[in-house]
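**Q** Input: one structure, supplied below.
The values are calculated or read from the model by the stated rules, or taken from the named source; none is laboratory data. Small disclaimer: the values here were computed from a predicted structure and weren't measured. Surface areas here come from the heavy atoms of the whole protein model, side chains and all, with no ligands, DNA or RNA. Shrake-Rupley method; radii C 1.70, N 1.55, O 1.52, S 1.80 Å.
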Amino acid sequence: MTVELRHLTALTAQARQDLLDVYADVRAPLLQLANYRVEAFVERLDRHLADPGFGLVLGYRGGFPVGYAYGNTVDADDRYWARMAEPLPDGFTDAPVLALKEIGVRAAWRGTGTARRIHDELLAHRTESRVTLMVNPLAGDGKVQTLYGTWGYRAFNSQRAEPDSPRLTVMVRPR
């Protein structure tokens, strides 16, 4: 399946709608939960758009949006670090990192390498030396966290991104 990858640093109205459509499809089984509602995602997305270093990759097949990944630059003073469950090692936040905030691929494109291609395209346009992400350790009965492990991520901490979100595993890898 050939997927066209589009890299964006701002959202057009069409790109925003495409992102929301993919999000709603990917998260459909969870949309009844407060933290996964489309409205909650829109609130987070709007915050992330205003944060430094926003970058997004949308994947399309024949003009149809099939997946996405986006993130922001996180520096030492970002609240991202303040919410960690365990203290961070000295110097851990000395250099900015890319915080991968969201990644999702429609069901028909899972297992095809599309998520990894979108992920890698996002990282290819970044200057940070490390990337972090948060994952629900229960997602896919643990398969999602295991997949990230095969991409070079390792668990190093945990946090609740939002008060009503589950405890997430925070993972890191070199860019």
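**Q** Express the carbon and sulfur contribution to the solvent-accessible surface of the chain as a percent, rounded to the nearest whole number, probe 1.4 angstrom.
**A** That share works out to 53 percent.
**Q** Going by a ≥ b ≥ c, the root eigenvalues of the Cα gyration tensor, does the chain fall in the rounded group (a/c under 1.5), the prolate group (a/b larger than b/c) or the oblate group?
**A** rounded
**Q** What is region 1-58 by shape, rounded, prolate or oblate, if you read a ≥ b ≥ c off the alpha carbon gyration tensor as root eigenvalues and call it rounded for a/c under 1.5, prolate for a/b larger than b/c, and oblate otherwise?
**A** Note, shape of region 1-58 comes out oblate.
**Q** Another question, then. Which of rounded, prolate, oblate describes region 73-147, given a ≥ b ≥ c as roots of the alpha-carbon gyration tensor eigenvalues and a/c under 1.5 marking rounded, otherwise prolate only if a/b is larger than b/c?
**A** Here region 73-147 falls in the oblate category.
**Q** On to the next question. Helix-derived [θ] at 222 nm for the chain: sum -39500 (n - 2.57) over DSSP H runs of at least 4, divide by residue count, nearest 500?
**A** Only helices count here, giving -8500 deg cm²/dmol.
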